[in-house]
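What follows is a set of notes on a single structure, which appears directly below.
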Amino acid sequence: MKTHRAVFLDLNGTLVLPLKQESLDEMTLVPGADTAIARLLTFGLVCPVVTVQARIEKGLFTEAEFRAWFMSFFSNLGLDVKGPYICPHKYNHVCPCQKPNSLLYQQAAQELGLDLSRSYTIGDSPQDVQAACRFGGTGCLVRTGWAAQDQVVEKARASAAFIGDTIADAVQWILSKERDNREQRNSADRLSPAADC
Ligand SMILES: [Zn+2]
């Protein structure tokens, strides 16, 4: 049964910085990201992390090392995020796992019983919000990473239902939308993405 709603979280530039780490030791939490994720989880939303880690294919670290870092980082924060769902390929590599393709989101939906049409993405790149459009959900852009640049925001704008400064802003927006939906639970109206995509 696909009943759970998810907020798919991008990693670098959304939850952690820097954007292009040379080693896993460099990764630090974006301030407030832990509290924001905790709010989503408390509300009952599932939080899978979907990430492009081109440095795996480049040989800076292995997928196993990345998975071990991920488990340790989020368990130390006490956050039950799911995944990671990883594209390990270089950015110019044509692969079905690269965002905005839907493969990793579909895989998470299968494993976690998610209703993608009622799910969200939060990320700092146009590909993160375009992915939500492709799987029929709602995309939120945050300006902590790539989208700190105005030209990146412009590329993402058509696919973004919400644009905010940080993940905390996106979470605030999602939770107010979800509370409205709860109030309208008995209405036949379906949640439809605000973006024109
Ligand atoms: Zn890939």
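The values are calculated or read from the model by the stated rules, or taken from the named source; none is laboratory data. It should be emphasised that the depicted structure is a prediction, and the values quoted were computed from it without experimental measurement. Virtual Cβ from ideal backbone geometry, glycine too; neighbours counted across all protein chains shown. Each accessible area value is taken on the protein alone, full model and side chains, heavy atoms only, with ligands, DNA and RNA left out. Shrake-Rupley method; radii C 1.70, N 1.55, O 1.52, S 1.80 Å.
Exactly one residue out of G83, G44, G13 is on the phi > 0 side of the Ramachandran plot and in contact with a Pro (Cβ under 7 Å, 6 or more places away or on another chain), and it is G83.
Scanning region 88-128 for residues that are over 23 Å from I174 (Cα atoms) and open to solvent by less than 40 Å² (accessible area, probe 1.4 Å) turns up P88, C95, C97, Q98. Annotation: of all residues in region 132-154 being in contact (Cβ under 8 Å) with a residue 12 or more places away in the chain and among the charged types (D, E, K, R), the one that is most open to solvent (accessible area, probe 1.4 Å) is R134. Taking every residue in region 82-94 that is near the ligand (Cβ under 10 Å from one of its atoms) and pairing it with any residue that is β-branched (V, I, T) and open to solvent by less than 20 Å² (accessible area, probe 1.4 Å), at least 6 positions away or on another chain, the pairs with Cβ-Cβ distances below 6 Å are I86/T51. Identification of helices (runs of 4 or more DSSP H) wholly contained in region 23-118 with 3 or more residues that are hydrophobic (A, V, I, L, M, F, W, C) and over 23 Å from G139 (Cα atoms) yields 63-76.
Within region 75-87, the set of residues being under 14 Å from the mean Cα position of the chain (by Cα) and surrounded by fewer than 19 Cβ atoms within 10 Å (Cβ to Cβ) comprises K82, Y85.
If you check K58 against the conditions, is it modelled with pLDDT under 95 and not aromatic (F, W, Y)? Yes; evaluated as a whole, the condition is true for this residue. Taking the criterion of being modelled with pLDDT under 95, open to solvent by 10 Å² or more (accessible area, probe 1.4 Å) and of a type in the set (S, T, Y), would at least one residue in region 6-23 satisfy it? Yes. Considering each of A64, A33, A68 in turn, give the residue that is at pLDDT 95 or above and crowded, with 20+ Cβ neighbours inside 10 Å. Result of the check over A64, A33, A68: A33.
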